[in-house]
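Participant: Pasting in a structure now, in structure tokens, and then I'll have a few things to ask.
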Amino acid sequence: MAEVKSMFREVLPKQGQLSVEDVTTMVLCKPKLLPLKSLTLEKLEKMQQAAQDTIRKQEMAEKEKQQITH
Amino acid sequence: MGREMEPLLLAWSYFRRRKFQLCADLCTQMLEKSPYDQEPDPELPVSQAAWILKARALTEMVYVDEIDVYQEGIAEMMLDENAIAQVPRPGTSLKLPGTNQTGGPSQAVRPVTQAGRPITGFLRPSTQSGRPGTMEQAIRTPRTAYTARPITSSSGRFVRLGTASMLTNPDGPFINLSRLNLTKYAQKPKLAKALFEYIFHHENDVKTALDLAALSTEHSQYKDWWWKVQIGKCYYRLGMYREAEKQFKSALKQQEMVDTFLYLAKVYISLDQPVTALNLFKQGLDKFPGEVTLLCGIARIYEEMNDMSSAAEYYKEVLKQDNTHVEAIACIGSNHFYSDQPEIALRFYRRLLQMGVYNCQLFNNLGLCCFYAQQYDMTLTSFERALSLAENEEEIADVWYNLGHVAVGIGDMNLAHQCFRLALVNNNNHAEAYNNLAVLEMRKGHLEQARALLQTASSLAPHLYEPHFNFATVSDKIGDLQRSYVAAKKSEAAFPDHVDTQHLIKQLKQHFAML
């Protein structure tokens, strides 16, 4: 251990300039807080979903009907 | 139960208890029994009452507060000729975000939306309608999690809802609008108001609604402010902002109402005159001191103009008046989070939890705040709950994305890798996840994969500076200076104040000069 210590001695400059090379690193995108939804927006989305569902159901029902008649 | 209740009373009771479908069904039965042909018979008051009640019930089913409704189609945005100045001075327009960034954290800390605004803590129907610069961007901007932007606002969400309700009704619509004798109804003010709301909200036939309103206001000899406001609403929906402004102003002269102030401010915001809207709100506050909706309106405008410190001030003012205002709490919370005070943000989000808000977004935010405030015990449980409460894949993707950050924070790169991958599985267009994955790949030394991921990220979200900058750095390292320069220029366009980008461009210019 003692030998190693003698081999590598730390050097702390007491005077003069200390320069550090600035390495550009890649950046991560930042964590994202999710915005809360307003009541109006929630209601709109719910209504839209419901409307789409009813239309889809109806279309399915009509298709089935057509298949039966054919 | 023995004897049955009087049907009209029962229907009323349903209406008051907000069981609108039951109420409407009962009214339909009553109207079938009594002689009824399209319009109520004045001789039969009961059937008339049932008719109004049904119209009101149907309206209530699809009613949304018109003040919050703000929808812009692609046509309105790109062909907007209402804005007065095409090249407005800084600080006088909502179109140029970032021109007067005061007080808010920079883009390096707080992510931005596609329109270049810092992401907000609260989502309203209008929050996402920031005006994009190019047609391509306009088409790509999602309006909500579900749907793309409509071509024009007259083909938008409301019309689609209207068609759906018509399709589901086998006997056709309740009232056949083209057969209505509007003049007759305009003479019966009580009936006309219910009918107007039905036409406006349920049928979304703004032109007929406008006709009825015009006749009614004439009948009331222009003395009823309510009709003026309704005409203004119709004009607004039709995109005739200046006419709408006149109507609202005239209504305000007759009777000062908070609603009217809000509608008028909405007109000014559509005309891209935030300063006028601010002045109007302040006038309104003189008349109605401490009115929460007015204060909140001011805060929203400041937020849209990127003046975060003023916005926070007004949100605080809102909370002084109403300490359960979800929007104000959420916005202040996110503000604190992005200005490096996660502990305080955590308090605000905990307050929301106490108030009974219980959804994916809130738990995700709580998880992030806990992690950055070094309360590690709560972090993972919050995220777990957020995942279990998520309603669609986009939300799940966002939660996994944030979990990836936690993993990066604790140095578990494998977990982080998996988290970002999972985010991408749930939402294939998650640009931020692509970028972060690329950074992780670079650390492993997988250069080609990283480049491919970065290219995907930058094509998905050209408004983010990170993918451009990373691509520039990577290209610079392998000596592809031309591509590096192009990417760095894009990064500079997305975030002009980014020091590292400027540095890189300077270096590259030196290289080119030497050649």
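The values are calculated or read from the model by the stated rules, or taken from the named source; none is laboratory data. Quantities reported herein were computed from a predicted structural model and do not represent experimental measurements. Quick reminder, even Gly has a Cβ in these numbers, built from the backbone with ideal geometry, and neighbours come from all protein chains shown. Calculation scope for accessible area: heavy atoms of the full protein, side chains included, ligands and nucleic acids excluded. Shrake-Rupley method; radii C 1.70, N 1.55, O 1.52, S 1.80 Å.
Participant: For B:Tyr349, state whether it is in contact with a Cys (Cβ under 8 Å, 6 or more places away or on another chain), surrounded by fewer than 22 Cβ atoms within 10 Å (Cβ to Cβ) and not aliphatic (A, V, I, L, M). Steps first, answer last, please.
Facilitator: On the way: in contact with a Cys (Cβ under 8 Å, 6 or more places away or on another chain): yes; surrounded by fewer than 22 Cβ atoms within 10 Å (Cβ to Cβ): no; not aliphatic (A, V, I, L, M): yes.
It is false that B:Tyr349 is in contact with a Cys (Cβ under 8 Å, 6 or more places away or on another chain), surrounded by fewer than 22 Cβ atoms within 10 Å (Cβ to Cβ) and not aliphatic (A, V, I, L, M).
Participant: Look at the range B:459-505 and say how many of its residues are away from chain A (no Cβ under 12 Å), in a helix (DSSP H, G or I), open to solvent by 50 Å² or more (accessible area, probe 1.4 Å) and not acidic (Asp, Glu).
Facilitator: 9
Residues are listed down the side, and each one gets a yes or a no for (1) at pLDDT 90 or above; (2) within 27 Å of B:Ala251 (Cα to Cα); (3) within 14 Å of another protein chain (Cβ to nearest Cβ):
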site	(1), (2), (3)
B:Asn169	no, no, yes
B:Arg179	no, no, no
B:Pro189	no, yes, no
B:Tyr198	yes, yes, no
B:Ser216	yes, yes, no
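Participant: Scan the range B:266-283 and report the pairs whose first residue is in the same structural domain as B:Glu256 (by the TED database) and assigned to a helix (DSSP H, G or I) and whose second residue is of a type in the set (Asp, Glu) and open to solvent by 10 Å² or more (accessible area, probe 1.4 Å), with Cβ atoms within less than 7 Å and a gap of 6+ or a chain change.
Facilitator: B:Val267/B:Glu245
Participant: Would you pick out the residues in the range B:1-32 that are in a helix (DSSP H, G or I) and open to solvent by 50 Å² or more (accessible area, probe 1.4 Å)?
Facilitator: First pass over the range B:1-32, keeping only residues in a helix (DSSP H, G or I): B:7-16, B:20-32.
If the condition is that a residue be in a helix (DSSP H, G or I) and open to solvent by 50 Å² or more (accessible area, probe 1.4 Å), then B:Leu9, B:Trp12, B:Arg16, B:Gln21, B:Leu22, B:Asp25, B:Gln29, B:Glu32 are the ones that fit.
Participant: OK, next. For the range B:216-225, how many residues are open to solvent by 50 Å² or more (accessible area, probe 1.4 Å) and either outside any helix (DSSP H, G or I) or closer than 24 Å to B:Val62 by Cβ (or both)? Quick ask: steps written out before the conclusion?
Facilitator: Just the residues of the range B:216-225 that are open to solvent by 50 Å² or more (accessible area, probe 1.4 Å), to begin with: B:218-219, B:221-223, B:225.
Going one step further and asking which of them are either outside any helix (DSSP H, G or I) or closer than 24 Å to B:Val62 by Cβ (or both), we end up with B:221-223.
Qualifying residue count for the region: 3.
Participant: When you look at B:Leu238, is it in contact with a Leu (Cβ under 9 Å, 6 or more places away or on another chain) and modelled with pLDDT of 95 or more, yes or no? Let's see the steps before the verdict.
Facilitator: Numbers: in contact with a Leu (Cβ under 9 Å, 6 or more places away or on another chain): yes; modelled with pLDDT of 95 or more: no.
No, not satisfied.
Participant: Separate question: Just for the range A:21-64: of the residues that are among the hydroxyl-bearing types (Ser, Thr, Tyr) and closer than 25 Å to B:Asn364 by Cα, which one is surrounded by the fewest Cβ atoms within 10 Å (Cβ to Cβ)? Before you say what the answer is, go through the steps one by one.
Facilitator: Step one: of the range A:21-64, the residues among the hydroxyl-bearing types (Ser, Thr, Tyr) are A:24-25, A:38, A:40, A:54.
From what is left, the residues that are closer than 25 Å to B:Asn364 by Cα are A:38, A:40.
Values: A:Ser38: 20, A:Thr40: 18.
Once the filter is applied, the top-ranked residue is A:Thr40.
Participant: From B:Tyr236, B:Tyr185, grab the single residue that is in contact with a strand residue (DSSP E or B) (Cβ under 9 Å, 6 or more places away or on another chain) and not in a loop (DSSP other than H, G, I, E, B). Spell out how you get there, then give the answer.
Facilitator: Working: B:Tyr236 fails: in contact with a strand residue (DSSP E or B) (Cβ under 9 Å, 6 or more places away or on another chain).
Only one candidate qualifies: B:Tyr185.
Participant: Has the range B:381-390 got at least one residue that is open to solvent by less than 10 Å² (accessible area, probe 1.4 Å) and more than 10 Å from every other protein chain (Cβ to nearest Cβ)?
Facilitator: Of the residues in the range B:381-390, the ones open to solvent by less than 10 Å² (accessible area, probe 1.4 Å) are B:382-383, B:386.
Within this subset, residues satisfying the condition of being more than 10 Å from every other protein chain (Cβ to nearest Cβ) are B:382-383.
Yes, the range B:381-390 has at least one match.
Participant: Moving on. When residues of the range A:14-49 are filtered for being more than 30 Å from B:Lys444 (Cβ to Cβ) and within 8 Å of chain B (Cβ to nearest Cβ), how many remain?
Facilitator: 12
Participant: Continuing with this model, one more query. Among all residue pairs at least 6 apart or on different chains, which show Cβ distances below 9 Å where the first residue, located in the range B:352-366, is more than 7 Å from chain A (Cβ to nearest Cβ) and surrounded by 24 or more Cβ atoms within 10 Å (Cβ to Cβ) and the second is among the charged types (D, E, K, R) and part of a helix (DSSP H, G or I)?
Facilitator: B:Phe363/B:Glu384; B:Phe363/B:Arg385; B:Leu366/B:Arg350; B:Leu366/B:Arg385
Participant: Here is a follow-up. Only residues that are within 14 Å of chain A (Cβ to nearest Cβ) and more than 19 Å from A:Lys30 (Cα to Cα): list them for the range B:319-343, please. Don't jump to the end; show me each part of the working.
Facilitator: Residues of the range B:319-343 within 14 Å of chain A (Cβ to nearest Cβ): B:324-342.
If the condition is that a residue be within 14 Å of chain A (Cβ to nearest Cβ) and more than 19 Å from A:Lys30 (Cα to Cα), then B:Thr324, B:His325, B:Val326, B:Glu327, B:Ala328, B:Ile329 are the ones that fit.
Participant: For B:Lys444, which of the numbered conditions (1) open to solvent by 70 Å² or more (accessible area, probe 1.4 Å); (2) under 26 Å from the mean Cα position of the chain (by Cα) fails to hold?
Facilitator: (2)
Participant: Now for a different question. Only one of B:Phe371, B:Phe363, B:Phe383 is closer than 27 Å to A:Ser38 by Cβ, within 22 Å of the chain's Cα centre (by Cα) and assigned to a helix (DSSP H, G or I). Can you tell me which? I'd like the intermediate steps shown before the answer.
Facilitator: Numbers: B:Phe371 fails: within 22 Å of the chain's Cα centre (by Cα); B:Phe383 fails: within 22 Å of the chain's Cα centre (by Cα).
Selected residue: B:Phe363, the only one of B:Phe371, B:Phe363, B:Phe383 that is closer than 27 Å to A:Ser38 by Cβ, within 22 Å of the chain's Cα centre (by Cα) and assigned to a helix (DSSP H, G or I).
Participant: Which ones in the range B:410-433 are open to solvent by 10 Å² or more (accessible area, probe 1.4 Å), more than 9 Å from chain A (Cβ to nearest Cβ) and part of a helix (DSSP H, G or I)? Spell out how you get there, then give the answer.
Facilitator: Step one: filter the range B:410-433 for residues open to solvent by 10 Å² or more (accessible area, probe 1.4 Å), giving B:410-415, B:417-418, B:421-422, B:424-429, B:432.
Those left that are additionally more than 9 Å from chain A (Cβ to nearest Cβ): B:410-415, B:417-418, B:421-422, B:424-429.
Passing the criteria: B:Ile410, B:Met413, B:Asn414, B:Leu415, B:His417, B:Gln418, B:Arg421, B:Leu422, B:Leu424, B:Val425, B:Asn426.
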